[in-house]
Amino acid sequence: MGAVGNRLPSEIRIYYEGDRALTPGFARFFSQLREMAKERRCKFNLISGRSGSEACHDFGTALKTHKSAWNILLKDSEGPDDGRLSASLCEEQSWDKSHSDSIFWMVQMMESWFHADKQALERFYGSGFRKNALKRNPRVEEIPKEDLTDGLKTATSNCSKGNYFDNKTSHGPKLLAEIDPARVQDAAPNCKRLFDVVLSKLG
């Protein structure tokens, strides 16, 4: 796992693709990981990269400037998982292939995690939410990005809180805090891998 090898890291730094406003939501979603890190006296930091390219840049810089930390990259795949997402990104960015173990994916985008817990979306949006507009495939990573976007846009178009995509920076953090991480892991293998790898490292 890059520079930290098999030893317990003193710090975990997750560089994620997304607005800084998402940090509290991710902190809540990853509360199990944060609590485990705290028990192990390991710092746990979430760093916004806004765009995917910026997250990659910051992660690449951290590999050089925070060598004692376990630097993790979390980004949208923008497409299906072909089994080589991390390896291909390492090649593209000229990173050592060992860092592929520290790269994790929201397949095909962060909003797929929301589709994994439709009940939470329904609770959040309330009256006017059209749950049936969301794709029913329980394997949310198989839902194309276009369908994820169209479904969420249609489902929230008549809600008093407003359309998700028009209010993404305010709705996104709240939804991340509301959805059940266990349900997301059941529906999204790449999310489960993130939890499994980090918990194993801290265990």
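The values are calculated or read from the model by the stated rules, or taken from the named source; none is laboratory data. Everything quoted here is computed from the prediction, not taken from an experiment. Backbone-built Cβ (ideal geometry, glycine too); neighbour counts: all protein chains shown.
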Would you mind stating whether D186 is surrounded by 14 or more Cβ atoms within 10 Å (Cβ to Cβ), at pLDDT 95 or above and of a type outside the set (G, A, S)? yes
Within segment 110-133, restricting to residues that are among the aliphatic types (A, V, I, L, M) and buried (at least 21 other Cβ atoms within 10 Å of the Cβ), the one that is nearest to C56 (Cα to Cα) is M110
Among the residues of segment 98-105, is any free of Cβ contacts under 8 Å to residues at least 24 places away in the same chain and assigned by TED's automatic domain parsing to the domain that holds A62? yes
Please work out if N132 is out of contact with any helix residue (DSSP H, G or I) (no Cβ under 7 Å at 6 or more places or on another chain) and outside any helix (DSSP H, G or I). no
Assess whether V198 counts as being in a helix (DSSP H, G or I), in contact with a Cys (Cβ under 9 Å, 6 or more places away or on another chain), within 30 Å of R40 (Cα to Cα) and touching a residue at least 12 places away in the same chain (Cβ under 8 Å). no
With respect to A21, is the statement that it is free of Cβ contacts under 8 Å to residues at least 40 places away in the same chain, small (G, A, S) and surrounded by fewer than 19 Cβ atoms within 10 Å (Cβ to Cβ) true? no
